[in-house]
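> My questions will all concern the structure given below.
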Amino acid sequence: MTTESTTSVNDKPLIIAGKTYQSRLLVGTGKYRDNDETTQALDASGAEIITIAIRRTNIGQNPDEPNLLDILPADKYTLLPNTAGCYNVEEAVRTCRLARELLDGHSLVKLEVLGDEKTLFPDITATLEAAEILVKDGFDVMVYTSDDPLIAKRLEDIGCAAVMPLAAPIGSGLGIRNPYNILTIVENARVPIIVDAGVGTASDAAIAMELGCDGILMNTAIAAAQNPPLMASAMKKAIEGGREAFLAGRMPRKRFASASSPIEGLFF
Amino acid sequence: MNITINGEQRTLDDGLNLQQLIAMLDLENKRLAIEVNQEIIPRSEHASYTLKQDDKVEIVQAIGGG
C-alpha cells in the first residue's frame with residue numbers, strides 16, 4: 001500500500017499569474033527578531049512566495065544596516081510586496097507603484113486596503129476600486145479580502161490573480177472562523193484562493209487546506225511562535241497533509257460507531 | 001534650497017540632482033525607490049532629475065512585513 005502509485009496524487013500545481021509553485025505556503029517576513037531568524041524560518045517553511053512591506057528608508061541612520069532584499073535571493077523567492085498600512089485607494093496604488101519601481105518592474109503585489117485599526121478588516125469598497133486600478137495598470141493582484149463569497153467573486157471578475165480571504169483578523173491566531181464561507185469561496189473560484197491571515201497553529205492550516213484552499217499566507221503564526229523555524233516546518237507539513245486529505249476525500253461523518261474489525265469469524 | 005526628505009526638512013545646494021542626493025545620504029547601491037512630489041522618478045532618470053525648492057522626496061525600501 002505504500003508504493004508511489006497509490007500514495008502519490010495527480011495534484012495540479014499552484015499557478016499564480018502564470019508562474020508555477022511547488023509550495024502552497026506563502027509567508028511574511030514581519031515580526032522576526034532579526035534577519036537570521038527570518039532566514040531560518042523561511043528555509044524551514046519551504047515557501048517560495050514571500051511578502052515584504054515598503055517603508056521609508058532611514059535617512060542618516062545605520063547606512064550599513066542589512067537590507068532585507070539582500071537576504072531574499074531573487075532566484076529563490078518570488079517577492080510579494082504588500083500594501084499593509086494603507087487605509088485608502090490612493091495610498092495602496094502608490095505603494096504598489098513604488099514596489100514596482102523598487103523591484104525593477106515586478107508586477108505581482110498583495111493588495112490590502114484596511115478599514116479599521118482595531119480589526120484590520122479590509123475596506124471592501126476601497127479594495128474593489130484599488131484592484132480595478134491596479135489590474136488596468138498591469139499589476140498581478142493578489143487581494144486580501146473578507147470571507148464574503150460575493151465579494152471574492154467580484155474581485156476575481158475584476159481580474160485579480162488570486163483572491164485571499166481572511167480566516168480571522170490579521171495577527172489574531174483565531175483559526176478558521178467561518179469555514180463554510182471559505183468553502184463557498186473555494187467552490188465558486190476559477191483563480192487560486194489563498195487564506196490570508198488568522199491562522200494560529202498547524203491544525204488551522206490543515207483545516208483550511210482540507211476545505212480545498214489553494215494555499216495559505218501567514219506571518220504571525222510563525223514569527224510569534226516560541227520557536228519560529230519549528231513552527232514553519234510544522235506549517236509546511238500541515239499544509240501538505242491538509243492538501244492530501246482534501247484530494248483523498250474524507251470519509252462521511254456518521255453519528256454512530258462502525259466496527260473496523262469484521263464481525264464474521266468471531267470464535268466465541 | 002529647502003526640500004523635505006522622508007518628512008525631514010533639509011537645506012541643500014541648489015541644482016542638486018537625485019543621484020547626487022543619494023550619494024550624499026550614503027545610499028548608493030541600495031535597493032530603493034524614489035518619489036518626488038508623489039511622482040515616481042525611475043532609477044534611469046535619477047542623474048538627470050534636478051531637485052528644486054520645496055520638493056518633497058520620499059525614499060523607500062523593502063522591510064519585513066506580512
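> Tell me, what is the percent relative contact order of the stretch A:169-240, built from C-alpha pairs under 8 Å that lie six or more residues apart? Write down the numbers at each step before the final one.
Details: 100 pairs, mean separation 24.6, N = 72.
So the answer I get is 34 percent.
> How far, in nm, would the chain grow between A:PHE256 and A:ASN67 when pulled straight, counting 0.36 nm per residue and subtracting the alpha carbon separation?
Gain on stretching A:PHE256 to A:ASN67: 62.2 nm.
> Under the definition of Cα pairs under 8 Å and six or more residues apart, what whole-number percent is the relative contact order of chain A?
On the way: 490 pairs, mean separation 48.6, N = 268.
Relative contact order here is 18 percent.
> Let me ask you something else. Evaluate E = 1/(1 + (r/R0)^6) for A:THR201 and B:LYS52, where r is the Cβ-Cβ distance and R0 equals 41 Å; express this FRET efficiency to the nearest 0.05. Display every interim value, and only then the final one.
Details: r = 54 Å, r/R0 = 1.33.
It comes out at approximately 0.15.
> A further question on this structure: Mind ranking A:257-267, A:84-94 by how tightly packed they are, going by the mean number of other C-beta atoms within 10 angstrom, highest first? Before the final figure, lay out the partial values.
Numbers: A:257-267: 5.8, A:84-94: 19.1.
Highest mean packing first, the order is A:84-94, A:257-267.
> Estimate the FRET efficiency between A:ASP157 and B:ASN29 by the formula 1/(1 + (r/R0)^6), using the beta-carbon distance for r and 56 Å for R0, to the nearest 0.05.
Working: r = 43 Å, r/R0 = 0.77.
The value I calculate is 0.85.
> For a quick check: sort A:MET251, A:MET164 by the number of other beta carbons within 10 angstrom, fewest at the front. List each step's numbers first, then the result.
Details: A:MET251 7, A:MET164 28.
Listing A:MET251, A:MET164 from fewest to most nearby Cβ atoms yields A:MET251, A:MET164.
> Continuing with this model, one more query. Students often check this: by mean Cβ neighbours within 10 Å, which of A:113-125, A:38-50 ranks highest, and how do the rest follow?
Ranking the peptides A:113-125, A:38-50 by packing returns A:38-50, A:113-125.
> What percent antiparallel are the DSSP beta bridges of the protein assembly as shown, to the nearest 5? Don't skip to the answer; put the middle values down first.
Details: 20 of 44 bridges.
Within the protein assembly as shown, antiparallel bridges account for around 45 percent of the total.
> Using only helices, what value at 222 nm comes out for the protein assembly as shown when you add -39,500 (n - 2.57) per DSSP H run of length 4 or more and divide by the total residues, to the nearest 500 deg cm²/dmol? List each step's numbers first, then the result.
On the way: 10 runs with 103 residues, N = 334.
That calculation yields -9000 deg cm²/dmol at 222 nm.
> What is the mean number of Cβ atoms from other protein chains located within 10 Å of the Cβ atom of each residue in peptide A:66-73, rounded to a whole number?
Details: counts 0, 6, 6, 5, 3, 0, 2, 0.
Counting other chains' Cβ atoms within 10 Å and averaging over A:66-73 gives 3.
> Net charge around A:VAL163, counting only other residues with Cβ within less than 11 Å of its Cβ (Lys, Arg = +1; Asp, Glu = -1)? The partial results should precede the final answer.
Details: positive: A:LYS153, A:ARG154, A:ARG190; negative: A:ASP147, A:ASP148, A:GLU156, A:ASP157, A:ASP196, A:ASP214.
Local net charge: -3.
> On to the next question. Between A:GLU187 and A:ASP34, what is 0.36 nm times their sequence separation minus the Cα-Cα distance? Round to one decimal in nm.
Working it through step by step, the gained length comes to 51.1 nm.
The numbers here are math on the coordinates, done by the rules we state, and not lab data. Computed from a predicted model, the values in this text were never measured in an experiment. A quick note on method: Cβ atoms are made from the backbone with ideal geometry, for glycine too, and the neighbour counts reach across all protein chains shown.
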